[in-house]
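K.L.:
Sharing a structure with you now.
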Amino acid sequence: MREITSVAVLTSGGDSPGMNAAIRGVVRTALSYGITVFGIHRGFTGLLQNDMELLSSASVSNIVQRGGTFLKSARCPEFHDPACRKQAAKILHTRNIEALLVIGGDGSLTGAHLLEEETGIPVIGLPGTIDNDIFGTEDTIGFDTAMNTALDAIDRIRDTADSHERHFLVEVMGRNSGFLATHVGIAAGAEMILVPEYSVNIAEIALQLATSRKAGTGSSGIIVVAEGNEPDLTSKIAHELQQHGLAPHISILGHIQRGGRPSGHDRVLASCLGAVAIEYLLAGYSDIMVGVSNGEVVDIPLDDLIRYRKGLDPELLKIALQLHK
Ligand code: ADP
């Protein structure tokens with residue numbers, strides 16, 4: 001067993017519901033082994049500013065049910081610079097902090113990997129993102145909550161779509177990944193799902209929608225669109241559909257998908273990953289992320305996360321489309 005007396009934890013990148021539960025899991029487990037825990041404010045930015053507090057068991061009371069992250073999160077462009085990562089390691093050494101736990105998306109976990117690789121500070125990553133786009137894990141902290149938040153909104157939108165016999169383009173988050181859109185689309189019974197992984201033939205979509213409208217089987221409908229990387233993608237799709245005789249409404253769900261009370265699933269996932277992260281650290285592991293594979297908690301080398309991309313399962317999209325024939 002590795003001897004550790006002091007660790008630090010931070011949340012970085014886009015916040016996700018369940019990050020608080022993950023911090024709590026880390027803190028309470030570490031304290032149970034007599035390990036001191038520092039909470040770093042505002043991600044890598046706070047680390048570079050030596051801005052941190054000592055956390056007690058009481059510091060993480062009454063947070064398991066709260067969205068966001070009480071340690072705050074930030075984007076820190078300086079962390080791309082190796083000199084700044086060296087500075088971060090110096091700050092950790094000065095405080096006698098022997099390991100760092102990073103809760104965040106693939107960007108944050110890349111930064112964590114580079115910190116260990118270049119400075120030798122042991123790091124453990126926890127996947128915290130609503131996008132569920134991290135290689136090596138089938139689930140991420142916040143994905144389930146975000147999916148249910150989007151579904152709640154879409155179920156309401158469908159009532160209006162149905163009453164007014166209109167189509168709605170509903171934009172969900174997902175710049176590079178269609179995981180959220182695909183799961184939301186299936187669960188909402190969407191008529192179509194548009195994701196960045198597959199190019200969109202708008203003329204074909206318009207034809208399908210117009211045909212089912214004429215046949216009396218599709219006077220209204222929900223088209224779930226992942227936001228993608230192109231600015232105003234959903235407006236552009238709406239404009240194109242107008243050229244083909246349809247008049248869809250647009251609803252952009254935006255940041256409501258990020259916040260809110262974490263679901264029971266995310267609270268359990270975050271708590272378990274927080275606890276296991278400390279167990280793995282004590283067992284001698286580092287430069288890994290704790291994740292889930294086939295329903296089991298696993299460790300994934302952070303190097304793999306950077307090297308490989310998680311692909312959207314084409315079978316899942318096929319199923320989604322088959323359900324709306
Ligand atoms: P997320 O972690 O949600 O994917 P970002 O991609 O914005 O969010 O990354 C969050 C932070 O992680 C960045 O602001 C930066 O501090 C750090 N980071 C991201 N990518 C790298 C990288 N390639 N090298 C070093 N640090 C990085």
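The values are calculated or read from the model by the stated rules, or taken from the named source; none is laboratory data. Since we're looking at a predicted model, the values are computed, not measured. Please note: Cβ atoms are built from the backbone with ideal geometry, for glycine as well, and neighbour counts cover all protein chains shown. These area figures cover heavy atoms from the full protein model, side chains too; ligands, DNA and RNA do not enter into them. Shrake-Rupley method; radii C 1.70, N 1.55, O 1.52, S 1.80 Å.
K.L.:
With all pairs of different alpha carbon atoms counted, what Kirkwood hydrodynamic radius in Å does region 59-129 show?
P.N.:
Values: mean 1/r = 0.0754 Å⁻¹.
After inverting the pairwise mean of 1/r, the radius is 13.3 Å.
K.L.:
With the alpha-carbon atoms as the only input, what is the per residue convex hull volume for region 1-96 in Å³? The partial results should precede the final answer.
P.N.:
Values: hull volume 9.4 nm³, N = 96.
Hull volume normalised by residue count: 98 Å³.
K.L.:
Where only protein heavy atoms count, and the probe is 1.4 Å, what is the accessible area per residue for the chain in Å²? Working shown, then result.
P.N.:
Details: 14360 Å² over 325 residues.
So the chain comes to 44 Å² accessible per residue, rounded to a whole number.
K.L.:
In Å and from the alpha-carbon atoms only, list the Rg and Dmax of region 143-259.
P.N.:
Reported Rg and Dmax, both Å: 13.2, 40.
K.L.:
While we're here: With N denoting the number of residues in the chain, provide Rg(C-alpha) divided by 2.2 N^0.38 Å, to two decimal places.
P.N.:
Numbers: Rg = 21.7 Å, N = 325, 2.2 N^0.38 = 19.8 Å.
Taking N as the residue count of the chain, the ratio is 1.09.
K.L.:
Turning to a different aspect of this structure: How large is the helix-only mean residue ellipticity at 222 nm for the chain, computed as the sum of -39500 (n - 2.57) over DSSP H runs with n ≥ 4, divided by its residue count, in deg cm²/dmol to the nearest 500?
P.N.:
-13000 deg cm²/dmol
K.L.:
For the chain, what % of the accessible area comes from carbon and sulfur atoms, probe 1.4 Å?
P.N.:
Values: 7200 of 14360 Å².
Ligands and nucleic acids excluded, carbon and sulfur give 50 percent.
K.L.:
Can I ask one more? Under 10 Å, Cα contacts only: if you run a Gaussian network model on the chain, which one of VAL224, VAL184, VAL60 comes out with the highest mean-square fluctuation?
P.N.:
VAL60
K.L.:
Working from Cα positions, state the angle (0 to 90°, nearest 10) between the long axis of helix 19-32 and the longest principal axis of the chain.
P.N.:
For helix 19-32, the angle is close to 20 degrees.
K.L.:
Based on C-alpha coordinates, I'd like the Rg and Dmax of region 33-87, in Å.
P.N.:
13.3, 38
K.L.:
Between SER32 and ARG95, what is 0.36 nm times their sequence separation minus the Cα-Cα distance? Round to one decimal in nm.
P.N.:
Values: separation 63, 0.36 × 63 = 22.68 nm, distance 2.09 nm.
That pair, SER32 and ARG95, stretches by 20.6 nm at full extension.
K.L.:
Would you mind checking the tilt of helix 179-188 against the longest principal axis of the Cα atoms of the chain, expressed as 0 to 90 degrees and rounded to 10?
P.N.:
Approximately 50 degrees, to the nearest ten.
K.L.:
Keeping to pairs on different chains or 8 or more places apart, tell me how many lysine pairs in the chain have Cα atoms under 23 Å apart. Please report the intermediate quantities before stating the final value.
P.N.:
Values: LYS72/LYS86; LYS72/LYS90; LYS214/LYS325; LYS310/LYS318.
Lysine pairs, 8 or more places apart or on different chains, close enough: 4.
K.L.:
For helix 106-119, what angle does its Cα long axis make with the longest principal axis of the chain, in degrees from 0 to 90 and rounded to 10?
P.N.:
Taking the Cα atoms of the chain, the angle to 106-119 is about 20 degrees.
K.L.:
Shifting gears a bit: Between THR69, THR29, THR211, where does the largest GNM mean-square fluctuation fall for the chain, given springs only between Cα atoms within less than 10 Å?
P.N.:
THR211
K.L.:
Using the Cα centre as the reference, give the magnitude of the dipole from point charges on the C-beta atoms of region 143-259 (Lys, Arg: +1; Asp, Glu: -1; all else neutral), rounded to the nearest 20 debye. Can you show the working numbers first?
P.N.:
Numbers: 8 positive and 14 negative charges, 31 e Å.
I would put it at about 140 debye.
K.L.:
Put +1 on the Cβ of each Lys and Arg and -1 on the Cβ of each Asp and Glu in region 143-259; which of LEU253, ILE223, PHE143 then has its Cα farthest toward the positive end of the dipole?
P.N.:
ILE223
K.L.:
Describe numerically, in nm with one decimal, the distance between label points set 7 Å from Cα along Cα→Cβ at LYS318 and at SER199.
P.N.:
So the two model labels end up 2.2 nm from each other.
K.L.:
Mind checking the full-extension length gain between THR5 and GLN243? Use 0.36 nm per residue of separation minus the Cα-Cα distance, one decimal, nm.
P.N.:
Values: separation 238, 0.36 × 238 = 85.68 nm, distance 6.51 nm.
Computed gain between THR5 and GLN243 is 79.2 nm.
K.L.:
Give me D for region 195-236 in µm² s⁻¹, whole number, from Stokes-Einstein with Rh from the Kirkwood sum over alpha-carbon pairs, 10 °C and 1.306 mPa s.
P.N.:
Working: Rh = 11.7 Å.
This corresponds to a translational diffusion coefficient of 136 µm²/s.
K.L.:
Sticking with this structure for a sec: Mean-square fluctuation check for the chain, GNM, Cα pairs under 10 Å: which of ASP15, ASP155, ASP139 is largest?
P.N.:
Fluctuation is largest for ASP155.
K.L.:
Multiply the residue separation of LYS86 and VAL268 by 0.36 nm, subtract the distance between their alpha-carbon atoms, and state the gained length in nm to one decimal.
P.N.:
Numbers: separation 182, 0.36 × 182 = 65.52 nm, distance 3.48 nm.
Difference between extended and current length: 62.0 nm.
K.L.:
For region 147-199, which GluC sites (Glu not before Pro) are both in a DSSP coil and crowded by at most 16 other Cβ atoms within 10 Å? Write down the numbers at each step before the final one.
P.N.:
Working: sites: GLU165, GLU171, GLU191, GLU197; in loops: GLU165, GLU191, GLU197.
Within region 147-199, the qualifying GluC sites (Glu not before Pro) (loop, at most 16 other Cβ atoms within 10 Å) are GLU165.
K.L.:
Quick check for me: using +1 on Lys/Arg Cβ and -1 on Asp/Glu Cβ, what's the dipole size of the chain about its Cα centre, in debye to the nearest 20? Let's see the in-between values first.
P.N.:
Values: 26 positive and 38 negative charges, 133 e Å.
For the chain, the charge dipole is close to 640 debye.
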